[in-house]
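Peer 1: Before I ask anything, here is the structure I am working with.
The values are calculated or read from the model by the stated rules, or taken from the named source; none is laboratory data. Please read all numbers here as calculations on a predicted model, not as lab measurements. So basically every Cβ, Gly included, is an ideal-geometry build from the backbone, and we count neighbours across all protein chains shown.
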Amino acid sequence: MSGISKENEVRRLLSKALSRRRRKAHAPGVHNALQLDLNKEFEEPRGDSMKYFSVVLMLFALLIIVVSQLVGLERSLG
């Protein structure tokens with residue numbers, strides 16, 4: 001008997017929480033935030049990733065050039 005009442009209590013609490021969440025989702029503040037698209041502040045602009053990739057690629061090429069010059073210098077001295 002107590003198992004059934006606990007199950008009913010859990011269902012009642014879940015229902016109450018879901019209805020509260022639905023009411024909050026329809027609040028004017030939530031709709032204003034959706035219209036303003038406040039989440040875009042946290043998104044990384046798409047162009048920045050290409051900039052970072054090209055900088056890393058140039059640094060890698062510079063490293064290869066420097067290492068090849070050092071190896072060539074070592075061979076000419078040795």
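Peer 1: Just give me the residues in the stretch 1-15 being at pLDDT 65 or above and polar (S, T, N, Q), in sequence order.
Peer 2: S5, N8, S15, listed by residue number.
Peer 1: Also, quick follow-up: Please verify whether the stretch 16-25 includes one or more residues that are part of a helix (DSSP H, G or I), hydroxyl-bearing (S, T, Y) and modelled with pLDDT under 80. If you could, list the steps in order and put the result at the bottom.
Peer 2: Restricting attention to the stretch 16-25, the residues satisfying the condition of being part of a helix (DSSP H, G or I) are 16-25.
Among the residues that remain, those that are also hydroxyl-bearing (S, T, Y) are: 19.
Adding the requirement that they be modelled with pLDDT under 80 leaves 19.
Within the stretch 16-25, one or more residues are part of a helix (DSSP H, G or I), hydroxyl-bearing (S, T, Y) and modelled with pLDDT under 80.
Peer 1: Within the stretch 41-56, does at least one residue satisfy the condition of being assigned to a helix (DSSP H, G or I), of a type in the set (D, E, K, R), exposed (fewer than 10 other Cβ atoms within 10 Å of the Cβ) and modelled with pLDDT of 70 or more?
Peer 2: Checked against the condition, which is being assigned to a helix (DSSP H, G or I), of a type in the set (D, E, K, R), exposed (fewer than 10 other Cβ atoms within 10 Å of the Cβ) and modelled with pLDDT of 70 or more, the stretch 41-56 yields at least one hit.
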